[in-house]
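This report concerns only the one structure given below.
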Amino acid sequence: MNITPSGRIAVYDQANAPFQIREYPLHPPKPGEVLVRICMSTICRSDIHSYQGHRPNPCPGVLGHEIIGVIEALGDGVDKDMRGDSLSPGDRITWSEYFIPGRNYFSEILDLPQKSPGVDKYGHMAAATLPHHHGGFGEYCYILPNSWILRLPDELSDEEATPINCGVATMIAATEAANIRMGQTVVIQGLGLLGLYGAAIAKARGARAVIGLDTVPERRERASQFGVYLALDPATTDKANLLRQIREVCRPEGADVVIEVCGVPEVIPLGIEMLRVGGTYVLAGVVNPDALVTIDANLLLRKLLTLRGVHNYHPRNLIEALDFVVANRRRFPFHDLVDGKYPLDRVNEAMADAAARRVLRAAIVP
């Protein structure tokens with residue numbers, strides 16, 4: 001097994017500090033590991049929050065968890081992906097954004113492996129933590145034991161494939177939690193990558209109409225390509241008029257489902273008001289600690305509402321996400337959502353553009 005001695009990683013030493021490119025050693029994969037040469041890693045909003053210090057992340061840090069790559073070497077015990085398809089060096093793959101320490105009560109009894117005690121995520125560990133290469137902002141990544149791996153079909157472009165293991169799988173989980181049914185109406189708060197995928201998935205599940213809310217004009221303009229019937233700016237439309245427009249579409253009294261993916265807790269009271277009696281509210285964007293908000297809990301009771309939270313996703317959602325993109329890539333322009341590509345040496349520029357929303361999804365292409 002011929003492994004290059006080291007690989008480059010973009011590392012930041014503290015919140016908002018410039019990234020520096022450093023070399024870290026590589027080794028043949030241990031049992032249960034896979035060494036991957038990274039093809040592309042896209043910058044998720046949670047990467048930006050970590051970098052800016054809004055959520056805890058150890059430093060010097062290695063970011064990036066939306067990753068695809070090509071297998072360089074397989075450790076003992078790894079020869080098939082989660083479908084049972086054979087894996088070999090040269091295969092292009094995606095894998096779960098997290099890994100777990102092993103079988104446990106959460107994974108085996110509660111069927112919630114994503115919330116296992118000791119669960120950890122790629123792009124959320126310190127660079128000093130072995131095997132160093134465990135994030136997307138670099139040339140290589142080790143897939144660690146108790147991850148879930150999927151081989152990618154050749155017809156998918158890197159731009160279509162890279163968001164699958166975070167953005168798409170998360171929205172598969174969110175729409176599953178919302179239990180969207182044929183003919184229902186859905187409001188999505190936030191039309192970033194998650195919101196646009198959420199709209200497309202809602203339409204694929206049979207939603208009659210999807211309404212999107214976002215303050216960024218370019219996002220609202222793009223939304224119709226992903227199944228959004230009406231895109232509104234909640235910052236420039238007063239609440240009474242906003243609710244009136246939503247109820248005109250979501251007749252007779254409000255949306256069946258509201259999904260929050262904007263990461264702003266202040267939108268939650270409005271989301272509750274948008275729902276009809278018996279509606280469902282799914283929170284998937286307020287991932288930062290201390291996302292405090294005041295709500296009228298009596299509305300939850302009187303309107304018989306269901307409130308669901310989605311954090312990480314079940315491994316089955318990774319398969320569902322890949323299958324959804326493959327089946328719908330001609331219907332929705334997923335390729336266009338990754339609209340900024342940067343070499344590793346320009347990671348600081350990529351992060352700045354992503355944080356300022358100058359691009360929808362920036363990609364690091366080593």
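Of note:
- Among the candidates 317, 328, 298, residue that is surrounded by 21 or more Cβ atoms within 10 Å (Cβ to Cβ) and either at pLDDT 95 or above or more than 20 Å from residue 163 (Cα to Cα) (or both): 317
- Lone unmet requirement of (1) in contact with a helix residue (DSSP H, G or I) (Cβ under 7 Å, 6 or more places away or on another chain); (2) part of a loop (DSSP other than H, G, I, E, B) for residue 321: (2)
- Tabulated pairs, region 215-243, first closer than 16 Å to residue 264 by Cα and at pLDDT 95 or above, second in a helix (DSSP H, G or I) and of a type outside the set (D, E, K, R), C-beta under 8 angstrom, 6+ apart or interchain: 233/217; 234/242; 234/267; 234/270
- Applying the condition of being over 20 Å from residue 3 (Cβ atoms) and without any contact (Cβ under 8 Å) to a residue 24 or more places away in the chain to region 68-85 and asking which residue is surrounded by the most Cβ atoms within 10 Å (Cβ to Cβ) yields 80.
- Checked against the criterion of being part of a loop (DSSP other than H, G, I, E, B) and either charged (D, E, K, R) or more than 22 Å from residue 162 (Cα to Cα) (or both), the candidates 55, 22 yield just one match: 55.
- Verdict on residue 49 being part of a helix (DSSP H, G or I) and surrounded by fewer than 19 Cβ atoms within 10 Å (Cβ to Cβ): yes
- Pairing residues of region 98-114 that are without any contact (Cβ under 8 Å) to a residue 12 or more places away in the chain with residues that are surrounded by 11 or more Cβ atoms within 10 Å (Cβ to Cβ), at Cβ distances under 7 Å and at least 6 apart in sequence or on separate chains, gives 106/112; 106/113; 106/115; 106/116; 107/100; 107/113; 107/116.
- Subset of region 268-285 [more than 17 Å from residue 296 (Cβ to Cβ) and outside any strand (DSSP E or B)]: 284, 285
- Residue match in region 285-294 (condition: within 21 Å of residue 198 (Cβ to Cβ) and touching a His at 6+ places or on another chain (Cβ under 6 Å)): yes
Condition check ((1) outside the structural domain of residue 82 (by TED's automatic domain parsing); (2) in contact with a helix residue (DSSP H, G or I) (Cβ under 9 Å, 6 or more places away or on another chain); (3) part of a loop (DSSP other than H, G, I, E, B)) across all residues:
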| site | (1), (2), (3) |
| --- | --- |
| 187 | yes, yes, no |
| 197 | yes, yes, no |
| 207 | yes, yes, yes |
| 247 | yes, yes, no |
| 257 | yes, yes, no |
| 266 | yes, no, no |
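- Residue in region 24-44 that is out of contact with any Gly (no Cβ under 7 Å at 6 or more places or on another chain), exposed (fewer than 15 other Cβ atoms within 10 Å of the Cβ) and either free of Cβ contacts under 8 Å to residues at least 12 places away in the same chain or farther than 30 Å from residue 193 by Cα (or both) present: yes
- Residue count for region 92-145, restricted to those that are part of a loop (DSSP other than H, G, I, E, B) and acidic (Asp, Glu): 3
The values are calculated or read from the model by the stated rules, or taken from the named source; none is laboratory data. Everything quoted here is computed from the prediction, not taken from an experiment. As a convention, Cβ positions derive from the backbone with ideal geometry for all residues, glycine included, and neighbour counts pool all protein chains shown.
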